[in-house]
């Protein structure tokens, strides 16, 4: 066996349909497009959402709601996650960089500390926002909650 007699497996390849190469090919003449009409012409492309003249779904369904473009998205980090980080890494100062290195947030996300779980360590935390319960839990242990 050598490279000269290698072939693909039987049935794994098909002949390419060569369109517009004369009547003898079986795909000449109208080149499998049928006769007349927009679809037979060059440059035809139907509009996105076109449903053959029927009112398109986008136009049938009513508009509702709105998107608040001033909304500030936060990535929520709970107190139990902070406790886990302090146990694993042995840190008492938690900043944005520590959370990024731990893989909980990406570098472009804003961070908000939320109040789920139990915190046992006294921590100094510096992030974008805190929920009221989280701030209370941190300060009860003598920790500091700094806002960026």
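When 48, 58, 91 are screened for being outside any strand (DSSP E or B) and at pLDDT below 90, only 91 passes. Loosely packed, with under 10 Cβ neighbours inside 10 Å and within 27 Å of the chain's Cα centre (by Cα): is that true of residue 66 in this structure? Yes; evaluated as a whole, the condition is true for this residue. Looking across the stretch 110-141 at every residue that is without any contact (Cβ under 8 Å) to a residue 40 or more places away in the chain, more than 23 Å from the chain's Cα centre (by Cα) and part of a strand (DSSP E or B), the one that is surrounded by the fewest Cβ atoms within 10 Å (Cβ to Cβ) is identified as 124.
When the stretch 61-85 is filtered for residues that are closer than 20 Å to residue 148 by Cβ and either touching a strand residue (DSSP E or B) at 6+ places or on another chain (Cβ under 8 Å) or in a loop (DSSP other than H, G, I, E, B) (or both), the ones remaining, listed by number, are 70, 71, 72, 73, 74, 75, 76, 77, 78, 79, 82, 85.
This table checks each residue for (1) touching a helix residue (DSSP H, G or I) at 6+ places or on another chain (Cβ under 9 Å); (2) modelled with pLDDT of 90 or more; (3) surrounded by 10 or more Cβ atoms within 10 Å (Cβ to Cβ); (4) assigned to a loop (DSSP other than H, G, I, E, B).
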| residue | (1), (2), (3), (4) |
| --- | --- |
| 1 | no, no, no, yes |
| 18 | yes, yes, yes, yes |
| 21 | no, yes, yes, yes |
| 27 | no, yes, yes, yes |
| 44 | yes, yes, yes, yes |
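In this entry, residue 107 is excluded by the filter for residues that are in a helix (DSSP H, G or I) and either out of contact with any strand residue (DSSP E or B) (no Cβ under 7 Å at 6 or more places or on another chain) or under 16 Å from residue 74 (Cβ atoms) (or both). Here the condition is being under 24 Å from the mean Cα position of the chain (by Cα) and either more than 30 Å from residue 20 (Cβ to Cβ) or surrounded by 12 or more Cβ atoms within 10 Å (Cβ to Cβ) (or both); of 61, 72, 144, it holds for 72 alone.
The values are calculated or read from the model by the stated rules, or taken from the named source; none is laboratory data. What you are looking at is a predicted structure, and each value in this text was computed from that prediction instead of being measured. Every residue, glycine among them, receives a Cβ derived from its backbone with ideal geometry; neighbour counts consider all protein chains shown.
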